[in-house]
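Structure, as structure tokens:
The values are calculated or read from the model by the stated rules, or taken from the named source; none is laboratory data. Remember, predicted model here, so these are calculated numbers, not experimental data. Here the Cβ is made from the backbone with ideal geometry for all residues, glycine too, and neighbour counts use every protein chain on show. These accessible areas exclude ligands, DNA and RNA; they are computed on the full protein's heavy atoms, side chains included. Shrake-Rupley method; radii C 1.70, N 1.55, O 1.52, S 1.80 Å.
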Amino acid sequence: MKAIRVAQFGPPEVLALHEVADLEPGPGQVVVAVKAAGVNPVDTYIRSGLYQHAAAPPYTPGIDGAGVIAAVGPEVKHRRVGDRVYVAWSVSGTYGEQVLCTEFQTHPLPEGVTFSQGAAIGVPYGAAYRALFQRAHACAGETVLVHGASGGVGLGAVQLARAAGLRVIGTAGTDQGRAVVQAQGAHQVLNHHEPGYLDKLADLTCGRGVDVILEMLANVNLAKDLTALATGGRVAVIGSRGRIEIDPRDAMGREASILGVTLYNATPQDLASMHAAFVAGLENGTLRPVVSREFPLAEAAAAHHAVMEANTLGKIVLIP
Ligand code: NAP
């Protein structure tokens, strides 16, 4: 089978297509014939050597994917050959024609959800769910600002929050992005490049401030976020690409919390819980992953450049 391999950490161009041995499932494992693999910003951090605990070259990148079960190993109880599944984490990496997983790293992909959409679930919806419900404990009736709603995580967050009964305010940097965020269920949409845009939150919340902020670019926004929170508000830091100075008094007066979010810390129980919610949402139509671009597997390097550019407008996937 063909797979992308990383022989050494480096720029996107280290992603090279190779012929490698077919995969064989061991006890409790399955092999999935990959129809689409999700490209996440974290894949680029790992490839560049930033997260050296996450992978050691040579390796096949990719956390997310979707496809059809091609083989099952002994002791597999819940999957059969031919099942449509999405993959969230794996033993071997998803950027290939096949991926080796434990059966619990695969989840049913309901009819009507495409493989590309299936490849858009694991990390983006996982981060959004962990931030909203497992860290910020967001509740129906609260208001959430999804700060950076037009990307993979942000659109997942908009759909999850809307389905859970929150009032959703999203931000995006372009007209096209704002239209997508609105179409995916945000009640209001702001432009995060417009000067003073967060000042509008006071009006939108009758002066209270927002209960929860999901932050995709904390190094730019965290200081201002603290001033936009209601009493008891929470900022969940999902993404940050640098340092920032904050005034702790903005948190004191509001008894606000700044919560770090790392999907890597999710326990098996946390993961089982979020994936049960995702499968239910895919089945009932409240979760509809937005795929913006598909690249052939051989063009993984171009996909890694694209995922770090502005205006991703949803998920970038690779097609083997
Ligand atoms: P993405 O698809 O590239 O989306 C990036 C988002 O950031 C877009 O909505 C973009 O909006 C927005 N953005 C750009 N400038 C902004 C600004 N000044 N203020 C607020 N938002 C801004 O990436 P993603 O997959 O959604 O991931 C988002 C971030 O979360 C990344 O940094 C990623 O590494 C991180 N992440 C963390 C975890 C975790 O476990 N902590 C898991 C997954 C992802 P426009 O393009 O419309 O300007």
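This table checks each residue for (1) within 16 Å of the ligand (Cβ to nearest atom); (2) basic (Lys, Arg); (3) open to solvent by 40 Å² or more (accessible area, probe 1.4 Å).
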{"residue": "Ile4", "(1), (2), (3)": "no, no, no"}
{"residue": "Val14", "(1), (2), (3)": "no, no, no"}
{"residue": "Pro27", "(1), (2), (3)": "no, no, yes"}
{"residue": "Val30", "(1), (2), (3)": "no, no, no"}
{"residue": "Val39", "(1), (2), (3)": "yes, no, no"}
{"residue": "Tyr51", "(1), (2), (3)": "yes, no, yes"}
{"residue": "Gly67", "(1), (2), (3)": "no, no, no"}
message = Going by what's in this entry, would Pro320 be described as within 25 Å of Ala3 (Cβ to Cβ), away from the ligand (no atom under 16 Å from the Cβ) and either touching a Lys or Arg at 6+ places or on another chain (Cβ under 7 Å) or modelled with pLDDT of 95 or more (or both)?
response = yes
request  = Please tell me if Leu226 is in a helix (DSSP H, G or I) and either within 9 Å of the ligand (Cβ to nearest atom) or open to solvent by 10 Å² or more (accessible area, probe 1.4 Å) (or both).
outcome  = no
query = Which condition does Ala138 not pass, out of (1) more than 8 Å from the ligand (Cβ to nearest atom); (2) closer than 20 Å to Asp43 by Cβ; (3) in contact with a helix residue (DSSP H, G or I) (Cβ under 7 Å, 6 or more places away or on another chain), if it passes all the others?
reply = (2)
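Identify the residue in region 30-59 that is part of a strand (DSSP E or B) and not hydrophobic (A, V, I, L, M, F, W, C) and, among all such residues, is nearest to Ala88 (Cα to Cα).
Gly38
Somewhere in region 268-276, is a residue more than 17 Å from Pro124 (Cα to Cα) and at pLDDT 95 or above?
So far as region 268-276 goes, yes, one or more of its residues are more than 17 Å from Pro124 (Cα to Cα) and at pLDDT 95 or above.
Residues checked against (1) more than 10 Å from the ligand (Cβ to nearest atom); (2) at positive phi; (3) buried (at least 18 other Cβ atoms within 10 Å of the Cβ):
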site	(1), (2), (3)
Gly173	no, no, no
Gly185	yes, yes, yes
Leu201	yes, no, yes
Val210	yes, no, yes
Glu215	no, no, yes
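Can you find even one residue in region 283-297 that is of a type in the set (Gly, Ala, Ser) and open to solvent by 70 Å² or more (accessible area, probe 1.4 Å)?
Among the residues of region 283-297, not one is of a type in the set (Gly, Ala, Ser) and open to solvent by 70 Å² or more (accessible area, probe 1.4 Å), which makes the answer no.
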query = Mind checking whether some residue in region 21-36 is within 21 Å of Pro296 (Cβ to Cβ) and either within 17 Å of the chain's Cα centre (by Cα) or free of Cβ contacts under 8 Å to residues at least 24 places away in the same chain (or both)?
reply = yes
request  = Report, by residue number, each residue of region 64-88 that is under 16 Å from the mean Cα position of the chain (by Cα) and either free of Cβ contacts under 8 Å to residues at least 40 places away in the same chain or over 23 Å from Gly151 (Cα atoms) (or both).
outcome  = Tyr86
key: Where Ala303 falls short, out of the listed (1) surrounded by 17 or more Cβ atoms within 10 Å (Cβ to Cβ); (2) within 15 Å of the ligand (Cβ to nearest atom); (3) not assigned by TED's automatic domain parsing to the domain that holds Trp89   = (3)
request  = Go through (1) among the aromatic types (Phe, Trp, Tyr); (2) away from the ligand (no atom under 12 Å from the Cβ); (3) without any contact (Cβ under 8 Å) to a residue 60 or more places away in the chain one by one and return the number of the condition Tyr197 breaks.
outcome  = (2)
